[in-house]
Each structure stands twice: as structure tokens, then as C-alpha cells.
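The values are calculated or read from the model by the stated rules, or taken from the named source; none is laboratory data. These figures come from a predicted structure and were not determined experimentally. For neighbour counting, all protein chains shown are included, and Cβ atoms are generated from backbone atoms with ideal geometry for every residue, glycine included.
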Amino acid sequence: MNLGILAAGDGQRLKDEGIIDPKPLLRVGGITLLERALKITDDYGFDSCNIIINDKFKDDVINSRIFDNYKNLIINCIYKSTLSSLHSLNELDLFLSNDSFCLMTIDSIYSESEFASFIKTARDEAEYDGLIAVTGYVDDEKPLWVNTDKDNIITEFSSIKDDANFVTGGIYYFRKGIIDYTDEALLNNISKLRNFLQYLVESGIRLKAMSFSKIIDLDHKNDLVEAVRFLKEMEKSS
């Protein structure tokens, strides 16, 4: 299984609140988000780490020399500004099409133990085409709500809550071949990852939901404070 990391955004909301560091180089819990992604690659035995980073941060990332500390890993990095999250995923097609893969946004903060269970479940079961991390913790201005059947198979992704109790958390597993659907989706004028997920459901792809207690997306300054507090709680309980 390979790992894909989406980091092509420009972090404008954080900049507007006075955070000037590029998002991949934000320090949370003592390490940068980029280091966290590489450490996950190493700790969980992913075959490779494949990451797309906004090209305006290329010099900052290269000058940080973070990749030098992980020469034992296979790392493929694309520096590019894309039109949307789905365009970013499509750019990683070359590296993710040969096997199953875990996909994450670089700014997702979560429980390590829950992530370990997520990866184990993804590797052990073959009854579905993808596994989607969901959480009842909602801190996004535009959350993507998830509806499931009694077996936790996802029936719909929606921007409207209705009877849904969970939202997506920026962590996904897909079996080999799913990334090929990004080409079809883009041809059908689907440009966002959230709409791509619904496109997969409508195409008959079986996606299963797996619940996390909390997943924090680092979009605002107060999210950084909450993430540090959350990580300290996790450290105390481990």
C-alpha cells in the first residue's frame, strides 16, 4: 500500500490570521506536518510516500532539508498549484495507480491508535472498495456529511446534514484502480474531492465508513491550539 498526501493548497485562511509558515512546515506537537507525513510512511510500512505541494512553497520545503532525514523512504514529490483537491489527486495518478493506497490531507490531526486500526482494517478486509474515516467532531465551515446503511457502507455524501451524524475526516483508503476514476470525474466536470466521493458511490463503488473520535483540520489559528491540546491528551492516554 502506498501513501498519498494532498498539500497543494495555499493556506490562505491561516495567512489571514497571521500564520506565515507554509502549511507543510507548520509545527504541531513538536514536528512539522511534512515530517509527520513522512514518519507515518515509515511507522506504518507504506511502500512509498507520494505528495503534492503547492509550488509557491517549493523553495521553503527544499531549504528545510526535511526529506534528507528520510532517505530510507521512497518519496515522490510534485510541486504544483492545482485547480482543486481532485486535480491534486489526479496529479498523483502516476505513483498511486499500481497498488492500493491511503490518501490524506497533510493537515489532518488524529489519534495514532485509531489510525493504526484504520490501516489494519484496510489491509485485512476485501469486502469493499474503499474505507473512509469519519468523525462526529465537526469543526469545518462546510462539512461533508456521510450517510450509511446498517453495515456502515456509505450511501451518500452530502453538504446537508439531514439525519447524518458523521462527517469526512480527510483520511481515505482506496483499492487498486480507484484512482483511475479521477480521469472520468474530471471529464464530467467534477473538480472537488468531496464531489468525487459521491461520484464513486453513484458509480457503484462500495465505500465503508470507519469512525474516529476526533479529526482536526488545521484551517484556522485556533485549530492549531486545539490540535496541540488533543495530541497532548493522546500522549497521556497512551
Region 91-108: number of residues that are within 19 Å of Gly9 (Cα to Cα), over 10 Å from the mean Cα position of the chain (by Cα) and buried (at least 22 other Cβ atoms within 10 Å of the Cβ): 1
Residue, surrounded by the most Cβ atoms within 10 Å (Cβ to Cβ), within region 41-55, restricted to residues that are touching a strand residue (DSSP E or B) at 6+ places or on another chain (Cβ under 9 Å) and part of a helix (DSSP H, G or I): Thr41
What are the pairs with Cβ atoms under 9 angstrom where one residue, in region 1-14, is under 22 Å from Ala116 (Cβ atoms) and in contact (Cβ under 8 Å) with a residue 12 or more places away in the chain and the other, located anywhere, is assigned to a loop (DSSP other than H, G, I, E, B) and aromatic (Phe, Trp, Tyr)? Sequence gap at least six, or different chains. Met1/Tyr44; Met1/Phe46; Asn2/Phe46; Leu3/Tyr44; Leu3/Phe46
Kindly list the number of the only condition in (1) polar (S, T, N, Q); (2) surrounded by fewer than 18 Cβ atoms within 10 Å (Cβ to Cβ); (3) in contact with a Leu (Cβ under 9 Å, 6 or more places away or on another chain); (4) assigned to a helix (DSSP H, G or I) that fails for Asn195. (2)
Cross-chain or 6+ apart pairs with Cβ under 8 Å, region 218-238 first and aliphatic (A, V, I, L, M), then in a helix (DSSP H, G or I): Leu218/Leu14; Leu218/Lys23; Leu218/Leu33; Leu218/Leu224; Leu218/Ala227; Met234/Glu112; Met234/Ser113
Can you go through Leu131, Leu103, Leu73, Leu89 and tell me which one is part of a loop (DSSP other than H, G, I, E, B), modelled with pLDDT of 95 or more and touching a strand residue (DSSP E or B) at 6+ places or on another chain (Cβ under 9 Å)? Leu73
Out of all the residues in region 123-143, which are hydrophobic (A, V, I, L, M, F, W, C) and more than 20 Å from Gly204 (Cβ to Cβ)? Ala133, Val134, Val138
Residues that are in contact with a Gly (Cβ under 7 Å, 6 or more places away or on another chain) and in a loop (DSSP other than H, G, I, E, B), drawn from region 1-40: Pro22
State which residue is farthest from the chain's Cα centre (by Cα) when the search covers only region 137-159 and only residues that are exposed (fewer than 14 other Cβ atoms within 10 Å of the Cβ) and over 23 Å from Arg13 (Cα atoms). Lys150
Report yes if some residue within region 203-220 is over 30 Å from Thr155 (Cβ atoms) and either under 19 Å from the mean Cα position of the chain (by Cα) or modelled with pLDDT under 95 (or both); otherwise report no. yes
When you scan region 76-86, how many residues do you find that are in contact with a Phe, Trp or Tyr (Cβ under 7 Å, 6 or more places away or on another chain) and at pLDDT below 95? 0
Taking the conditions exactly as written (hydrophobic (A, V, I, L, M, F, W, C) and either in a loop (DSSP other than H, G, I, E, B) or touching a residue at least 24 places away in the same chain (Cβ under 8 Å) (or both)), does Leu94 satisfy them or not? no
